[in-house]
Amino acid sequence: MGKGTAHSLPRFIFSLRPFVEHLVRTSHFPRPSNFARALSSSLIAPPPLKDQQDPYALLKQDPIEICSNLWVKAFSSPPSTTFPNLTGFLSKFDLWVLAYQRCCAHVTGTFPPRNAVHSHVLHDLLSLRNAVVKGNYAWNKKTHQFIRSPNERPSTEVVSKRKLQAMLDSDEPCFQDRIVQEVLLMIIEPVFEARFSPKAHGFRPGRNAHTVIRTIRSNFAGYLWFLKGDISEVFENVDGNVVMGCLEQAVRDRKILGLVKSALRAPNRIQSSDGDEHWPRKKKKKKVLKKKKILNEKEAKPDPYWLRTFFNFAPEEAAKVPCYGNCGILSPLLSNVCLNELDQVMEEKIVEFFRPSESDSIWKNSIYDGCHNPAWPEFVPASGDEKTRKMDYIRYGGHFLIGIRGPREDAVDMRKQIIEFCERRFGLRLDNSKLEIEHITRGIQFLDHIICRRVIHPTLRYTATGGNVVSEKGVGTLLSVTASLQQCIRQFRRLAFVKGDKDPEPLPCTPMLYSSQAHTNSQMNKLLETMADWYRYADNRKKVVGFCAYVIRSSLAKLYAARYRLKSRARVYSIATRDLSRPLRESSNNSAPEYSDLLRMGLVDAIEGVRFSNMSLIPSCDYSPFPRNWVPDHERLLRDYIRLEDPKFFCALHRSIKKDGLSLPQDEISELLWHFKSVGVRNYLLKEKRKQKHDVVEMRGT
């Protein structure tokens, strides 16, 4: 830069000064000092806000310990106890992180560790928690989300009106809604699990359809009339005020109740005939062919074919899942909260209905008398003046079963009382078709199992007068729980595995057309093993599992005949054997290398034979005894832990152990440790003495 330029620059700036001052005075721009301050503040990072918290500082406790303390508190409280302050649990950030981990496992298929959650995710999660605690959260807000799913890619592009409308009309719930539902479930579930009746088995931890079947086999022997009820309308047509009224009997926290009430205001989802749930729409859109979807790196893989097929085998009682508004995974718990009132009413009626008889073979004095073994023979007739009147009840989801030992008029009267109760409490008008009365001789289908009785002729031996041993043939009945073969055929026909009813003909398994023989056999083996486990407690387990194996094996044989151009199933069996374990290949491709060579090089998978090809390979029915007052393991451990926490019970237990001459495990362990230490000290002293003697001998020798 020259001297002339250096001298002319200050003059130029001086000449611009009046223009700048006039511009500042006449315009709406800020003053130079304020403008500079604003500019500098925009370049420098803003200081943290006063109410902004560090999420890492809030991670203080183990969330499993928090949940365990809540379960212990709920089970140690009396059934009439209410919980007015649960906001403290709602404010714990550790529970929100655990809820996020569970939601990520649901979306991506992997449970992320706690230390792998990113910092920006924790800040978003903290914003979501603050919005919920302060009452600023709105359900199903897809346009304004505090936190997004890990599968959603961040986008800076402007969303078009069509995409925005499609996003708002989509059935997929918000990711942040599921996080809030998880937190509410962790808080509310232990409160009501301590209150629920042991007669309810649906949508509860530790209970499933198998526990229902085992309870029926153990406790429902000797009943003549059965009342099968369907009140699944509670899952759809129940009023939100009814749900809130049942919820308020135990939960009195305003924030929890407000969140659930706002979630119930949304329209309920409708369950279609194929089992899918969707929102009600006015217009039906035309079906558009979808392209094959390419999964993202973090996106969860869809369920395998065998698992989807087994889910379609779900019985009618387990097929329908409740969904209230935006409650999502909280809906099954809320349905149990409503139906718990029916369970309590039925428990009272069971006690009122019981009338013992001394001349009866079982249940002579108490309602809990009788044999726990289902092999106990009940001698006909099963009702009358000389028999004990008794009733039992069990519920799975929206379906229940009542066994009545007495005349049919008692079953009719019980049906009338249940209809009146459901109309008065839930606003449901049930007709007789929803509450069917069946005799034990006709068989009652429940959870795809048929409950009936089997007539036996046992030999009765007794000592008569005079000391003579008399042997007579008696007539008795045993409770039988068998799998419904007709229902199994209907399910196979619906899934296009067979055609026909009386003599079903297997069809080729076309969904596995483009899969290898090893992969197809592996998928079908998993399906067969799962079905064999499902029919585990059926008397005809071998028969029904053998039929399923025949259908699947024949379906695969037809598939392989079409794929490898072998014309018939007999040709497939002659090459691949009965269990389809030998490799098949097309006859036209003679230049292909041998399967054994490919298997040795690791280029193909080993082919598993189709399971249960022989009847002897199918496991028998599981007749292991089931206790009458059975409770799940987690409830039993909770109650034992609560009992041991009581100092009086602990001291009495310790006194009884000492009195009987028994030893505590702690005493045995401490004794073992003391012996180990004492033996170790003795060995050390012996080694020292030997060393000293050796040194003395060496000194004398020198």
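The values are calculated or read from the model by the stated rules, or taken from the named source; none is laboratory data. Values in this document were obtained by computation on a predicted structure and should not be read as measured data. Every residue, glycine among them, receives a Cβ derived from its backbone with ideal geometry; neighbour counts consider all protein chains shown. Remember, those area values only see protein heavy atoms, side chains included, never the ligands or the DNA or RNA. Shrake-Rupley method; radii C 1.70, N 1.55, O 1.52, S 1.80 Å.
Within 10 Å, Cβ to Cβ, of Asp392, how many net charges do the neighbouring residues add up to if Lys/Arg are +1 and Asp/Glu are -1?
+3
Give the accessible surface of the range 632-674 per residue, rounded to a whole number of Å², with probe radius 1.4 Å and ligands, DNA and RNA excluded.
Accessible area per residue: 85 Å².
Once you have the Cα-Cα distance between Tyr641 and Thr143, take 0.36 nm times their residue separation minus that, and quote the gain in nm to one decimal.
Values: separation 498, 0.36 × 498 = 179.28 nm, distance 4.71 nm.
Fully extending the segment from Tyr641 to Thr143 adds 174.6 nm.
Please list, in order along the range 637-642, the HN-Hα scalar couplings obtained from phi with the Karplus expression 6.51 cos²θ - 1.76 cosθ + 1.60 (θ = phi - 60°), rounded to whole Hz, x for Gly and Pro.
So the J values, rounded to whole Hz, are 5, 4, 5, 5, 5, 5.
So how many Å³ per residue does the convex hull of the Cα atoms of the range 95-252 work out to?
Spread over its residues, the Cα hull of the range 95-252 gives 190 Å³ apiece.
Once amide H atoms are built 1.01 Å from N in the peptide plane, which residues 5 or more positions from Leu428, or in another chain, come under 5 Å H to H?
Glu423
Counting only other residues whose beta carbon sits under 12 Å from that of Leu401, what net charge do I get with K and R as +1, D and E as -1? The partial results should precede the final answer.
On the way: positive: Lys199, Lys228, Arg395; negative: Asp230, Glu317, Asp392, Glu436, Glu438.
Spelling it out: positives minus negatives among the neighbours equals -2.
Measuring from label point to label point, each 7 Å out along Cα→Cβ, what is the Met167 to Glu688 span in nm?
7.9 nm
Hey, for a label at Asn115 modelled as a point 7 Å past Cα toward Cβ, could you say which residues of the range 70-95 have their backbone N under 19 Å away?
Correct set: 94.
If you stretched the chain out fully between Ser656 and Val455, how much longer would it get, using 0.36 nm times the residue separation minus the C-alpha to C-alpha distance? Show your work: numbers first, answer last.
On the way: separation 201, 0.36 × 201 = 72.36 nm, distance 4.87 nm.
My answer for the length gained is 67.5 nm.
Listed highest first by mean packing, meaning other Cβ atoms within 10 Å per residue, what order do 577-585, 345-353 come in?
Details: 577-585: 16.7, 345-353: 14.4.
Final packing ranking: 577-585, 345-353.
Could you tell me which trypsin sites (Lys or Arg not before Pro) in the range 54-126 are loop residues by DSSP with no more than 16 other beta carbons within 10 angstrom of their beta carbon?
Lys60
Principal axes first, then extents: for the Cα atoms of the range 632-674, list largest minus smallest coordinate on each axis, whole Å, largest first.
Principal extents (largest minus smallest coordinate, Cα): 37, 21, 16 Å.
Can you tell me the dipole magnitude for the range 407-559 around its Cα centre, using point charges on the Cβ only (Lys, Arg +1; Asp, Glu -1), in Debye to the nearest 20?
320 debye
Farthest toward the dipole's positive end in the range 597-702, which of Phe612, Ser670, Pro625, given Cβ charges of +1 (Lys, Arg) and -1 (Asp, Glu) about the Cα centre?
Ser670
I'd like to compare 320-326, 568-574: which one has the highest average count of other Cβ atoms within 10 Å, and what's the full order after that?
Going from most to least packed, we get 320-326, 568-574.
Out of every Cα-Cα pair in the range 80-142, what percent are more than 17 Å apart? Mind showing how you got there, number by number?
Details: 980 of 1953 pairs.
Of all Cα-Cα pairs in the range 80-142, 50 percent lie more than 17 Å apart.
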